[in-house]
Structures are given as C-alpha cells and as structure tokens.
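J.: Pasting a structure below so you can have a look.
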Amino acid sequence: MPHKAVVIGAGTAGLVAAAALSLAEPTLQIHVLDRDELPQGPENRRGVPQGRHAHLLMAGGLSAMEDLFPVGVRDRLLKAGAHEIALSNGMLALTPDGSWFHRWKRSGPHMITCTRALTDWVLRQILLETRPGVSFHRATVEGFLGDARQVGGVRVGQDADAGLGPELEADIVVDASGRGSGSLAWLAGIGISGIEEKKIDSGLTNATRIYRTPAGAESFPLTLVQANPYNGRPGRSAMVLPIEGNRWMVSAAGTRGGEPPRDPEGFLEYALTLPHPIVGRLISGAEPLTDVAVSRGHSTDNNRRYLEKAGHWPERLIVLGDALATFNPAYGQGMSVAALGAQVLAREVRRHGLTGPGLSRRVLRGAARHVDTAWSTAVGVDVLYPDVVGARPRAADRVAAWYTNRLTRAATGTYEAASALWDVTSLTTPATRALRPRALLAALTGPALPKTSEPPLQPSEQRILDRLTGAAHPTAAPRPGRTS
C-alpha cells in the first residue's frame, strides 16, 4: 500500500515540499492542503499577504527548484513571461553610500523576476501535469494527530473539501503553511512546548504599484535604490522590477518612521525624494495599472522558530519555509530558502526512507543551515535601523555591518568584491564566501574604479529615461534627491 503524505500550505514552500517528496518517493500519495480556494490562474490570494509585492527568485533557489521538479522551472517561468536578470550587468543599483554598481561585461549569477502569483502557478501546474500522486484540497488544519513521539496526520476543520473527513492520516506531515503557521499551538497540542522563538521587526512597510511598461522601455534594467542602514535614520528604498504581461512592478519600502504612503501622489513623491530620483523619474511617465497596495506589520518582520534546537521532536513531522523562519521581504530570500530546505528533504528521504528514524531531525537541521545564512543577512541589517523591535545591535553586529558596508562599497568598482556579494545574496554559497582572501582584500582596499554618482546608463537607456521624464505631468517633474 503506498505511503501517504500531507503538506500544509500550497504556496511556494508547500509546492517545493510536494515536489521533494514526490521526487524521493514517486509512488507517494501527497495531499496538499490550503485554507484558500486556489485560483485558476496566476492570481493573488489572501493567504499570501506579500504576494502583491516584489519577489526575487535567486540563483540558489532556482537551482534547487530545477533539481526538484521533473521539467525545467526556469524555462517554464520565462515562457510564461518572467524575466531573467544578470546581477553583473542587468540591473542599476545605488548603494547606501551613494555609489552605483559598475555593470560588468563578465557574467555572474542570474535571478528570475515575476509576480509571486506566477511562480506559484507555474510550480503548481508542473506538479499537476507530472506528478499524479499530488492532489490539492481546500482545508483548514486545526492540529496534529499523534503524540510527542510521532505525528500521524492532521485534524482538519469543517470547511474541508468533501471526502477528507475530520482526520487525515499520513505517514509524514510537512508544515509549509507560511508566516501564519499554527505549528507552535499544534505542537503544544501533542505535548511539545518551550520552542525558542525570536522576532525582530524594523517596522518595514511595503507599498507597490503596477505600471504598464512604456513602449521602447521593455529592456530597461531592473532599477534599485537601496536603503541606508548606517546613518541612524529610517531606511527608505524603491525598485522597478520587470514582470510578466509587459508590466513594471514598482515597490517602495520604508522602515519605522520612513514608511511610503498609500496615495498615488505621495507614492510618486516618495520615489522622487529618495537619494536618487531615478525610480520616480521612470514612473512619472508610465501608465499606472493598479492602486498602491500596502503591507506592514507581521507580514514584513523577521521571525525565527528554533525548532531544530527543541529538546524533543516527533518523528515524521517536517517544518519548512516561512513556517520555520520568515525574513524581511526586502532581501528577497524567502522562496529560495524554502526551495533549499526542500532539497534537503528530498536528499534525506532518498537516503533514509520516508519513515526512517531520525529523518525529521536531520531535515530540520539541514534546512536550518540555509535559514541561518539568510537570517544573518536580514537581521544583521535590520537591527541597525532606529526603533527596531526585538533586538539591539551588539558589538558583533556592528563589526559585521562595518564589513558588509566596506564590501558593498568595494563591490561597486571591484569585480572580486562584486562576485562575492552576488554569490552570498544569491544563496549559492555560504556567507563565509565574503571572507575569502580576494574578497577580504577588496573590502579593505576599496573599489578599484572611481565612484559614480549617476547611474551607468547606456545611451539608449538614457534616452528612455529622458523621454519618460519629459512625458511626465509638470507636477511630477524630477527634483533633487533627499538623503534618507
């Protein structure tokens, strides 16, 4: 009789977990449960609160997905309209100290940009097309079956799809239900408590508006004005992200005290008054397609559940993705960390079997290593912002911030530093990559190329920017940037 699995959550983490299980055990019957009615296309849904804002699929996460799914995720995303961006030359990025990254002719890691809804839709369609053992059901999970020694399924609410019943038994359960996971309460229900948890909240607010890509600007680079965590003032940033459907997703972000506004006029003003007005200039001549969507609070904080450190952990229970740890979404790490964790799940099931003793603990510890890399990146910056809740910068944080700032500054004009920064932020290497001799030397000596205070635009790109600025209404004319 084939084994059965329950995956809680049909977001990215749940989808990569289902892919991992079906890869390791092809005959496995996998029930993916979600409280939402899943859309019949790439549409936003209530259960993904950050879905309306910018998402980046980093090279490390994409590589893990390519390993987990039976057909090429990259090719399917690009065919559906996603964009592939080279970090070395496909983006314009302003650093906190006011320098623009040089655009190198040499290659580097790539990332995929599209809406979160498209990513989830493509992954779900691949599973439905290629894995007959995977099925999706609408259901609210209310607790675990089993006890502190071993989980044997889940209890579901009365709103569950017909045929599921109040109890759904399974040989393995994966909680991939995201930021709103009830896993701590569910664990308490089977006798496990005292899980260490840490929350660090910079008060980030995200504000996003979708625009039609202006004619002739289809190849304009991804554009990013980074926040400054080093000057003691609220962080303020914005980016123009190419997405499917010939559109730009424009996301502004601000920490506590520097929040972007919801109204269209204020949104444009916010972008124009960043340390460089390029984002405001680009959108001042573009056609908006939506209102400004705003998210704040629980959907933007850093939350770490140290499940791998629990004194006792039940067999046959895995926790992955945002249910294990969430990160400030400004750093674009969540989907990739979930995919890397799922890759650990597939590897351990292949080695030890679905019901092998100690499987759950090994997967948690393996997934936690990827979480630790992303956590240190996000929290190491967020603790520097004023009025952060949950932590204050320690001496070690200040040393790490000093080095990160030096490495970023060097990366604007030294290839060795830029390459190290790309590899770490792309989650293709551990954070120790930034401490290798060449990267360390570059950080200490500074950029080899002179600082540039204006973006390194090609002539055709400069003409696009000038045209969009000239097409703007007079009230949206560019003005000098205000340092934040």
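Read-outs: derived from the displayed coordinates by stated rules, not from any lab. For clarity, every value in this text was computed on a predicted model and none was experimentally measured. Quick reminder, even Gly has a Cβ in these numbers, built from the backbone with ideal geometry, and neighbours come from all protein chains shown.
J.: How large is the Kirkwood hydrodynamic radius of the chain, counting all unique pairs of alpha carbons, in Å?
T.: On the way: mean 1/r = 0.0433 Å⁻¹.
The Cα-based Kirkwood calculation yields 23.1 Å.
J.: Can you tell me what share of the DSSP beta bridges in the chain is antiparallel? A percent to the nearest 5 is fine.
T.: Numbers: 47 of 69 bridges.
Around 70 percent of the beta bridges assigned by DSSP in the chain are antiparallel ones.
J.: Collect residues whose amide H, placed 1.01 Å from N in the peptide plane, falls under 5 Å from the amide H of VAL292; neighbours closer than 5 in sequence don't count.
T.: Those qualifying (amide H under 5 Å, at least 5 residues apart or on another chain) number zero.
J.: Then there's this: So if we plug the beta-carbon distance of ASP466 and ASP75 into 1/(1 + (r/R0)^6) with R0 = 30 Å, what FRET efficiency do we get, rounded to 0.05? List each step's numbers first, then the result.
T.: Working: r = 36 Å, r/R0 = 1.19.
Here the calculated transfer efficiency is 0.25.
J.: If you average the sequence gap of Cα pairs under 8 Å that are 6 or more apart and divide by the length of the chain, what percent do you get for the contact order? Working shown, then result.
T.: Details: 1095 pairs, mean separation 99.7, N = 484.
21 percent.
J.: Right, here's the next one. Give the angle, between 0 and 90 degrees and rounded to the nearest 10, that separates the Cα long axis of helix 395-411 from the longest principal axis of the Cα atoms of the chain.
T.: 60 degrees
J.: Right, something else. Quick check: residue separation of GLN150 and ARG296 times 0.36 nm, minus the Cα distance between them. What number comes out in nm?
T.: Values: separation 146, 0.36 × 146 = 52.56 nm, distance 3.69 nm.
Extra length from GLN150 to ARG296 when fully extended: 48.9 nm.
J.: While we're looking at this one, here's another question. Residue by residue through segment 77-94, which ³J(HN,Hα) values in whole Hz follow from phi under the Karplus form 6.51 cos²θ - 1.76 cosθ + 1.60 (θ = phi - 60°), with glycine and proline marked x?
T.: In residue order, the calculated couplings are 5, 5, 5, 7, x, 5, 10, 10, 10, 7, 5, 6, 8, x, 9, 10, 9, 9 Hz.
J.: Tilt of helix 334-352 relative to the longest C-alpha principal axis of the chain, in degrees (0 to 90, nearest 10)?
T.: 30 degrees
J.: Using the per-residue mean of other Cβ atoms lying within 10 Å as a proxy for protection, in what order, highest first, do the peptides 63-75, 197-209, 449-461 fall? The partial results should precede the final answer.
T.: On the way: 63-75: 19.1, 197-209: 21.4, 449-461: 12.8.
The peptides rank, most packed first, as 197-209, 63-75, 449-461.
J.: What list of ³J(HN,Hα) values in whole Hz, one per residue of segment 365-375 in order, does the Karplus curve 6.51 cos²θ - 1.76 cosθ + 1.60 (θ = phi - 60°) give from phi, with Gly and Pro shown as x?
T.: After applying 6.51 cos²θ - 1.76 cosθ + 1.60, I find 5, x, 5, 5, 5, 5, 4, 4, 5, 5, 4 Hz.
J.: Next question. Where nothing but the Cβ of Lys and Arg (+1) and of Asp and Glu (-1) is charged, how large is the charge dipole of the chain around its Cα centre, in debye to the nearest 20? Display every interim value, and only then the final one.
T.: Numbers: 53 positive and 45 negative charges, 280 e Å.
Using only the charged Cβ atoms, the result is roughly 1340 debye.
J.: Taking the Cβ of ILE192 as the centre, find all other residues whose Cβ is under 11 Å away and add up their charges (Lys, Arg: +1; Asp, Glu: -1). Don't skip to the answer; put the middle values down first.
T.: Values: positive: ARG149; negative: ASP147.
Taking every Cβ under 11 Å from that of ILE192, the sum is 0.
J.: Report, in debye and to the nearest 20, how large the dipole of segment 83-130 comes out about its Cα centre when Lys and Arg carry +1 and Asp and Glu carry -1 on their Cβ. List each step's numbers first, then the result.
T.: Numbers: 5 positive and 4 negative charges, 38 e Å.
Charge dipole, segment 83-130, about its Cα centre: 180 debye, nearest 20.
J.: Given only helices, namely DSSP H runs of n ≥ 4 each adding -39500 (n - 2.57), what is the per-residue ellipticity at 222 nm of the chain, to the nearest 500 deg cm²/dmol? Display every interim value, and only then the final one.
T.: On the way: 13 runs with 161 residues, N = 484.
Value at 222 nm, helices only, nearest 500: -10500 deg cm²/dmol.
J.: About its Cα centre, how strong a charge dipole does segment 263-302 have in debye, to the nearest 20, once Lys and Arg get +1 and Asp and Glu get -1 at the Cβ? Can you show the working numbers first?
T.: Numbers: 2 positive and 6 negative charges, 34 e Å.
The calculated dipole for segment 263-302 is roughly 160 debye.
J.: Which cross-chain or sequence-distant (5 or more) residues have an amide H under 5 Å from the amide H of GLY152, H modelled 1.01 Å from N in plane?
T.: Under 5 Å from the amide H of GLY152: LEU145, GLY146, ASP147.
J.: Order these peptides, 347-359, 219-231, by their mean beta-carbon neighbour count within 10 angstrom, highest first.
T.: On the way: 347-359: 15.9, 219-231: 20.6.
Descending packing order for the listed peptides: 219-231, 347-359.
J.: Quick one: Karplus J couplings for segment 120-127, per residue in order, coefficients 6.51, -1.76, 1.60, θ = phi - 60°, nearest Hz, x for Gly and Pro?
T.: 5, 4, 5, 4, 5, 5, 4, 4
J.: What is the sum of charges around THR130, taking Lys and Arg as +1, Asp and Glu as -1, for the other residues whose C-beta is under 12 Å from the C-beta of THR130? Each step should come with its number before you reach the end.
T.: Values: positive: ARG76, ARG124, ARG131; negative: GLU129.
Charge balance in the 12 Å sphere: +2.
J.: So how compact is segment 57-210: Cα radius of gyration and Dmax in angstrom?
T.: For segment 57-210, the Cα radius of gyration and maximum Cα-Cα distance read 21.0, 59 Å.
J.: Sticking with this one: Would you pull out the residues with amide H under 5 Å of THR428's amide H, same chain only if 5 or more places away, H placed 1.01 Å from N?
T.: HN-HN under 5 Å from THR428: GLY60.
J.: A further question follows. Ranking request for peptides 432-438, 28-34: highest mean number of other beta-carbon atoms within 10 Å first, then the rest in descending order. Show your work: numbers first, answer last.
T.: Details: 432-438: 13.7, 28-34: 23.1.
By packing density, highest mean first, the sequence is 28-34, 432-438.
J.: Now, a different point. By the scheme Lys and Arg +1, Asp and Glu -1, what is the net charge of all other residues having a beta-carbon under 13 Å from that of HIS102? Please report the intermediate quantities before stating the final value.
T.: Values: positive: ARG103, LYS105, ARG106, ARG409, LYS451; negative: GLU416, GLU454.
That sum, taken over residues with Cβ under 13 Å, equals +3.
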